[in-house]
Amino acid sequence: MKHRPVVVGIDGSPAADAAIKWGTTEAAALRSPLHLVYAVTAGSPPSQAGEVVYKAVAQARGLMPGITIDSRIETGSPSAALVKASGSAAVVVIGSRGLGVMIGALVGSTGLDLAANARCPVVVVRPDLGAMEGSRVVIGYDGSPAGDSALDFGIEHARRHDLAVRVVAAQPTGTELHRITEEELREAVRARGAQEAELIHITGHPAEHLLRLSSDAALIVLGARGRGGFAGMLIGSVSQTVLHHADCPVAIIPAAAIGG
């Protein structure tokens, strides 16, 4: 069986270095090839692109000598190149800075475009977290198809990396939206074989709780848009808040990736 690749967006920045490290480790865990994608605008010096790709390949090879590595240089925006690559990928990984992120922003247009439009899960890695490594995967769940896909992805990731699982179902104050009973939460997790998962059923703003409970997380996983999103929105406020403020890598399941 041919495994789908782990795709990493690169641009020579420290953020891309962090993404390469995360993506290389994941490719090895999945026994998948690693695809490194560098997008350049028309007229950019080819030597610069070649140097960025050469260094990225060398970094990945140094981390995991045995994996298969493919690299490509695409003309156009990083968003377009990575959305295209997502069609055949297991996951797309980018750094939260770099790839055109403006100074002061944690996640720029490339990350938000991917979270909205990619056809596979997207992982955003912050380069400023150093070697801090968490011990669990925190999953946001609301019973929606996006929540189910987040649960699938998060539990499988935890199994591969021998991490604990914490599933958070948040009930916003003063509304019946996202009303998930404790039994429904327990059954959803049990159906995926995560018998030892920690289940947390809380009232309040979902993003607040996810961020607070992620202090010892290796990864946060949630759908790009759950039950409470406004019609036409491809990425909801909870996902955007977590992407901008989480102290660990964040995996977003875009709508186009659900059921894929």
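The values are calculated or read from the model by the stated rules, or taken from the named source; none is laboratory data. Computed from a prediction, not measured in an experiment: that's the story for all the values here. Neighbour counts run over all protein chains shown; Cβ positions are idealised from the backbone, glycine included. Please note that ligands, DNA and RNA were not included when accessible areas were found on the heavy atoms of the full protein model with its side chains. Shrake-Rupley method; radii C 1.70, N 1.55, O 1.52, S 1.80 Å.
Data for the structure
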quantity	calculated
Residue list for the stretch 85-109, restricted to those being under 25 Å from GLU51 (Cβ atoms) and at pLDDT 95 or above	ALA85, ALA89, VAL92, VAL93
Test: residue in the stretch 39-51 that is under 21 Å from VAL122 (Cβ atoms), at pLDDT 95 or above, touching a Gly at 6+ places or on another chain (Cβ under 9 Å) and assigned by the TED database to the domain that holds PRO121	no
Pick from the stretch 155-168, criterion in a helix (DSSP H, G or I) and in contact with a helix residue (DSSP H, G or I) (Cβ under 7 Å, 6 or more places away or on another chain), ranking: least open to solvent (accessible area, probe 1.4 Å)	HIS161
Boolean, ALA80 is open to solvent by 30 Å² or more (accessible area, probe 1.4 Å), under 21 Å from PRO121 (Cβ atoms) and under 20 Å from the mean Cα position of the chain (by Cα)	yes
Selected residue [assigned by the TED database to the domain that holds SER109, of a type outside the set (Asp, Glu) and free of Cβ contacts under 8 Å to residues at least 24 places away in the same chain] from PRO14, PRO33, PRO65	PRO65
THR75 being closer than 25 Å to GLU133 by Cα and open to solvent by 50 Å² or more (accessible area, probe 1.4 Å)	no
Flag if THR24 is open to solvent by 70 Å² or more (accessible area, probe 1.4 Å) and β-branched (Val, Ile, Thr)	no
Elements of type helices (runs of 4 or more DSSP H) in the stretch 170-260, at least 1 residues being over 18 Å from LEU112 (Cβ atoms), open to solvent by 60 Å² or more (accessible area, probe 1.4 Å) and modelled with pLDDT of 85 or more	182-190, 206-212
Residues (outside any helix (DSSP H, G or I) and either under 13 Å from GLY12 (Cα atoms) or under 27 Å from the mean Cα position of the chain (by Cα) (or both)) located in the stretch 42-68	MET64, PRO65, GLY66, ILE67, THR68
Residues being in a helix (DSSP H, G or I), in the same structural domain as LEU213 (by the TED database) and over 17 Å from CYS248 (Cβ atoms) - total across the stretch 113-154	7
